[in-house]
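The values are calculated or read from the model by the stated rules, or taken from the named source; none is laboratory data. This is a predicted model, so every value here is computed, not measured. Positions of Cβ are backbone-derived with ideal geometry, glycine not excepted, and every protein chain shown enters the neighbour counts.
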Amino acid sequence: MANGYKGVFRRVTVLDLSAYIGLIAVGFATANILIGLMIFGRYSPVRYWPHRRFDIFRIHRWTGYGTLGFTLLHPLPLLLNARPHFRVVDILLPLWSPQQPLQNTIGAAALYLFVIIIVTSLYRIEIGRHFWKLLHYLTYPAAACFFIHGILTDPNLTGLGADYLDGGKVFVEICCAIIIGVSVWRVRYARKKRQSHRMASFGQEAAAE
């Protein structure tokens, strides 16, 4: 039994480790964006499911920390890869990385945007709510870069391109589809809500006349 476990662990390469960490980051990012959309829509866990009081803002904050943390960890195992060999500069500025420079640059852009989002959220009182809110919308281009990177990259660095039906890719694609679907629903819901408020205000004005 012990030998079986050792055999399994021996087959996990640094590339596998990097890919697994990336998938965890995708999961955290998906949860963070969904919770953020719920907060933006004034979701109340007491009024709606699960009809209990809990700090949804804290969950949103910690899923954001998880997203940033695992995104930072995701490329680090590549430094231990023998061929192709990645340097620190290839991680920080992937334009010169030995493989997939475009895909890796898109991933790095997502990381740097997440850093801006987290740091400005920590200092939102100092920078002002209005400016912070504008910067917080960077979540959407960050998520776009995040999912594009996750879908287009070849985690095995074979040079043959990505396998879009691979289990990890399907997970990223499902998360991306969920975010797109919920975002579209949220925009339509906000538009209908504004229209209903306008109609209600017009009705009140007409009744007053």
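Structure notes:
- Which listed residue, of Ala144, Ala162, is closer than 29 Å to Arg58 by Cα and either in a helix (DSSP H, G or I) or of a type in the set (Gly, Ala, Ser) (or both): Ala144
- Ile118 vs. criteria hydrophobic (A, V, I, L, M, F, W, C) and at pLDDT below 95: yes
- Among the candidates Phe131, Phe70, residue that is modelled with pLDDT of 95 or more, assigned to a helix (DSSP H, G or I) and of a type outside the set (D, E, K, R): Phe70
- If the condition is being surrounded by 15 or more Cβ atoms within 10 Å (Cβ to Cβ), touching a residue at least 12 places away in the same chain (Cβ under 8 Å) and under 18 Å from Pro84 (Cα atoms), then the stretch 132-163 contributes Thr153, Asp154, Pro155, Leu157.
- Of the residues in the stretch 192-206, not one is modelled with pLDDT under 80 and not in a helix (DSSP H, G or I).
- Subset of the stretch 52-68 [free of Cβ contacts under 8 Å to residues at least 24 places away in the same chain and under 22 Å from Tyr140 (Cβ atoms)]: Ile56, Phe57, Trp62
- Output for the stretch 165-179, where each listed residue is in a helix (DSSP H, G or I) and either charged (D, E, K, R) or in contact with a Lys or Arg (Cβ under 8 Å, 6 or more places away or on another chain) (or both): Lys169, Glu173
- Within the stretch 70-88, the set of residues being within 12 Å of Leu111 (Cβ to Cβ) and either crowded, with 17+ Cβ neighbours inside 10 Å or without any contact (Cβ under 8 Å) to a residue 40 or more places away in the chain (or both) comprises Phe70, Thr71, Leu72, His74, Pro75.
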